[in-house]
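Just so it is clear, none of the values below were taken in a lab; they were calculated from the coordinates. Computed from a predicted model, the values in this text were never measured in an experiment. Methodologically, a virtual Cβ is constructed for each residue, glycine included, from the backbone with ideal geometry; neighbour enumeration extends over all protein chains shown.
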Amino acid sequence: MSLKNEIPILTIDGPSGVGKGTIAKIIAQKTKWNLLDSGAIYRIFAFLIDSNNINIKDLPALEKIAKNINIKFVAKKNSDLVDIYLDNNDISSAIRNEKIGILASKIAVIPEIRKYLLIIQKNFIKEPGLVADGRDMGTTVFPNAKFKIFLTATETIRANRRLKQLQKQNIKSIISDVLKGIKERDERDYSRKHSPLKQAQDALIVDTTDLTINEVVAKVMKIIEF
């Protein structure tokens with residue numbers, strides 16, 4: 001058995017707005033485990049595509065980008081956000097707008113891109129453990145993870161949470177647009193042919209609709225026996 005197979009992994013999957021990122025960050029801080037925000041990886045990829053005006057059908061160009069990505073996640077103190085570094089440059093704000101989010105969701109259905117980024121995600125497995133949040137962490141990326149959580153919440157609650165997050169980042173938006181975006185993203189994520197969003201058979205479902213962040217964290221910490 002390799003060392004990587006012995007490292008504990010917690011996967012936190014679910015649709016947009018259920019609190020995956022916030023919960024993953026807090027759990028990583030409490031356990032001192034490494035953090036992987038898989039959604040941010042797709043956003044970073046989308047950001048590079050957008051910044052360099054690359055056609056998403058230009059697979060050689062996309063593969064070149066994937067092979068040269070250097071990403072680091074740093075838990076931000078006194079915030080539910082994570083600082084995201086690309087080649088040591090902080091691009092946290094640049095990738096958190098709706099345009100990049102929508103593009104990230106679109107490229108996530110492209111099998112070749114998922115293959116490129118799968119390798120990057122697996123490289124985050126390091127001691128003493130890994131907290132990985134996304135949409136297919138427990139089903140595709142880390143199917144043998146020891147701990148798996150699937151978070152859910154109503155569309156309205158998720159849209160309101162997302163709107164508040166955008167407002168904190170001084171990004172102007174309205175609830176109807178955010179709700180529409182969430183519904184469209186759900187449709188793409190659940191229906192895509194490759195690695196669709198779904199609950200792993202051995203994952204525990206946690207409905208966050210009526211739970212506080214601390215209540216969700218407590219549930220997860222109990223599951224991983226911390």
Q. Highest GNM mean-square fluctuation, the chain, Cα pairs closer than 10 Å: which of I65, I95, I84?
A. I65
Q) When the label point is put 7 Å from the Cα of I171 along its Cα-to-beta-carbon vector, which residues of the range 38-60 have a backbone N closer than 20 Å? A) 38-54
Q) Antiparallel DSSP bridges in the chain: what percent, to the nearest 5? A) 30
(Q) I need to check one value: relative contact order of the range 1-153, counting alpha carbon pairs closer than 8 Å and at least 6 residues apart, in percent. (A) 48
Q.
Could you tell me the calculated FRET efficiency between D207 and D83, based on Cβ-Cβ distance and R0 = 25 angstrom, to the nearest 0.05?
A. 0.25
**Q.** Taking only Cα atoms of the range 100-174, radius of gyration then Dmax in Å
**A.** 15.4, 42
Q. Going toward the positive end of the dipole of the range 78-131, with +1 on Lys and Arg Cβ and -1 on Asp and Glu Cβ, which of N88, L103, I113 do you reach last?
A. I113
Q. So how do F47, F142 line up by other beta-carbon neighbours within 10 Å, fewest first?
A. F47, F142
Q) E98 to N214: FRET efficiency via 1/(1 + (r/R0)^6), r the Cβ-Cβ distance, R0 41 Å, to the nearest 0.05? A) 0.90
Q) How far is it, in nm, from the label point at K180 to the one at E6 when both lie 7 Å from their Cα along the line to the Cβ? A) 5.4
Q | Where a label projected 7 Å from the Cα of A75 along Cα→Cβ would reach, residues of the range 192-226 with amide N under 17 Å | A | 213-226
Q: Give, as a single signed number, the net charge of other residues whose beta carbon lies under 15 Å from the beta carbon of N53, with Lys and Arg counted +1 and Asp and Glu -1.
A: +1
Q. If r is the Cβ-Cβ distance from K222 to N68 and R0 is 41 Å, what FRET efficiency results, to the nearest 0.05?
A. 0.50
Q: Report, to two decimal places, the Cα Rg of the chain normalised by 2.2 N^0.38 Å (N = number of residues).
A: 0.96
